[in-house]
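As structure tokens, the structure follows; a few thoughts come after it.
The values are calculated or read from the model by the stated rules, or taken from the named source; none is laboratory data. Bear in mind the structure is a predicted one, so any value in this text is a computation, not a measurement. Here the Cβ is made from the backbone with ideal geometry for all residues, glycine too, and neighbour counts use every protein chain on show. These accessible areas exclude ligands, DNA and RNA; they are computed on the full protein's heavy atoms, side chains included. Shrake-Rupley method; radii C 1.70, N 1.55, O 1.52, S 1.80 Å.
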Amino acid sequence: MKKIAVLGSTGSIGTQTLEIVRDNGDLRIVALAAGQNVDLMEKQIREFSPRIAGMWSEEAARELKGRVADLPVKVVSGMDGLLEIASDPESDIVVTAVVGMIGIRPTIAAIESGKTIALANKETLVTAGHLIMPLAARKGVSILPVDSEHSAIFQSLQGSAGNGIHRILLTASGGPFRGMSRADLERMTLEDALRHPNWSMGKKVTIDSASLVNKGLEVMEARWLFDVPLERIQVVIHPQSILHSAVEYEDGAVIGQMGLPDMKLPIQYALLYPERRPMRMPRMDLFSIGQLTFEAPDTETFPGLKLAYEAARCGGSMPTVFNAANEMAVKLLLEGKIRFCEIPELIGAAMHNHRPIGNPDLEEILETEVETYEFLKQ
């Protein structure tokens, strides 16, 4: 029996994680955490019977506590609640599926408690990879990627027998605006940005995919996960989203992982690693797919990817600025206060304004996030 804590249980990754648990009798949920969706959290508690549940909002936690007063579940709130859940002695695996930099401290707490990490929170490694990876190594903790691309790379490395990576081929669908010009993007609305052609994801990740910022974050994440220099990570636009990413070895052999665009596969692989089990999902039919195509990303029309490489090369606190500026820009877009094409402009302005810190500790990372938000508010 593997005992699992899910941080972000009401989001896209969280709900799909619970689908996997539902289908596997030897997986058990012992802890859940979410933002403020009390209705869904109550349903999850009643189905999965965790011993502890947390809400980010104190008001939501109070409401939840009243609703589940008939159940033997402890209800907690805020960052203290997340930290308690992440380090809960009952769990073996912590799925970090919260969105944003609030995932950093719970991930550190889970690592320090010796948990296996099923990582679906990009910001953790983007902003604090220099802290997280050495800590995981010291604690002997495995970090298993849940993102489809990083899971594909991880799967492609199984059986590598220590052979060197020549290059990582990190695929991207290109999002709903692939092939458009800058003038086209000027006319695109929030609703257009949320129409991803292949994947069903939360609003934040869907917009990040449309701007290619998501791929920039994944480049930074891959750098830390697989200890590969930036110049050996190549982004490849692959509109069909069938090849989820690949590894090119020193001898020129390219090994990749293919499958239909469904996040449940990488989630299950992380939860059951190294075992593979049957899944209730459609099988890939190459005859109906017909063609797989690949093209270079257009970093002039979509400068978010170029800015990500610049932030990663600068290092230190600059990736935090990139990430925080994008979070703020997406929030403003969702509130109808900026246009889609202004996202990279705000990121670039924040990066230009920042004086990088070479090797930031956790407090400096969090302070940089706040400073970036304050700059963009002005």
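Does the stretch 71-119 come out rounded, prolate or oblate by the C-alpha gyration tensor, with a ≥ b ≥ c the root eigenvalues, rounded set by a/c under 1.5 and, if not, prolate when a/b is larger than b/c and oblate if not?
Note, shape of the stretch 71-119 comes out oblate.
Where both residues lie in the chain, what percent of DSSP beta bridges are antiparallel, nearest 5? Each step should come with its number before you reach the end.
Numbers: 10 of 40 bridges.
Bridges in the chain that DSSP calls antiparallel: roughly 25 percent.
To the nearest 10 square angstrom, what accessible area does Thr293 show with a 1.4 Å probe?
We get 50 Å² for Thr293.
Just by accessible area at a 1.4 angstrom probe, what is the order of Ser77, Ser142, Ser148, Ser288 from largest to smallest?
Ser288, Ser142, Ser77, Ser148
If you take every DSSP beta bridge fully contained in the stretch 156-307, what fraction is antiparallel? Give it as a percent rounded to 5. Each step should come with its number before you reach the end.
Working: 10 of 15 bridges.
The antiparallel proportion sits near 65 percent.
Please identify the GluC sites (Glu not before Pro) of the stretch 207-251 that satisfy two criteria: DSSP loop assignment and at most 15 other Cβ atoms within 10 Å. Which are they?
When the GluC sites (Glu not before Pro) of the stretch 207-251 are filtered for loop state and at most 15 Cβ neighbours within 10 Å, Glu250 remain.
Once ligands and nucleic acids are excluded and a 1.4 Å probe is used, how much of Lys203 is accessible, expressed in Å² to the nearest 10?
130 Å²
As a test question: what accessible area, to the nearest 10 Å², does Val247 have when a 1.4 Å probe is rolled over all protein chains in place?
0 Å²
Per the 1.4 Å probe, what fraction of the accessible area of the chain, in percent, lies on carbon and sulfur atoms?
Within the chain, the accessible surface is 49 percent carbon and sulfur.
Which of Lys3/Lys306; Lys115/Lys264; Lys74/Lys377; Lys2/Lys122; Lys74/Lys139 have a Cα-Cα distance over 30 Å?
Checking Cα-Cα distances, Lys3/Lys306; Lys74/Lys377 exceed 30 Å.
Keeping every protein chain present and rolling a 1.4 Å probe, give me the accessible area per residue for the stretch 1-98 in Å².
I get 43 Å² per residue for the stretch 1-98.
For the stretch 223-300, what does the alpha-carbon gyration tensor say about shape, rounded, prolate or oblate, given a ≥ b ≥ c as the root eigenvalues, a/c under 1.5 as rounded, and a/b over b/c as prolate? Provide the component values of the computation, followed by the final result.
Values: a/c = 1.93, a/b = 1.23, b/c = 1.56.
Here the stretch 223-300 falls in the oblate category.
For the stretch 216-329, report the accessible area per residue in Å² (1.4 Å probe, heavy atoms, rounded to an integer).
45 Å²
Quote the relative contact order of the stretch 228-378 in percent (integer), defining contacts as alpha-carbon pairs under 8 Å separated by 6+ residues.
Averaging sequence separation for qualifying contacts and normalising by length gives 21 percent for the stretch 228-378.
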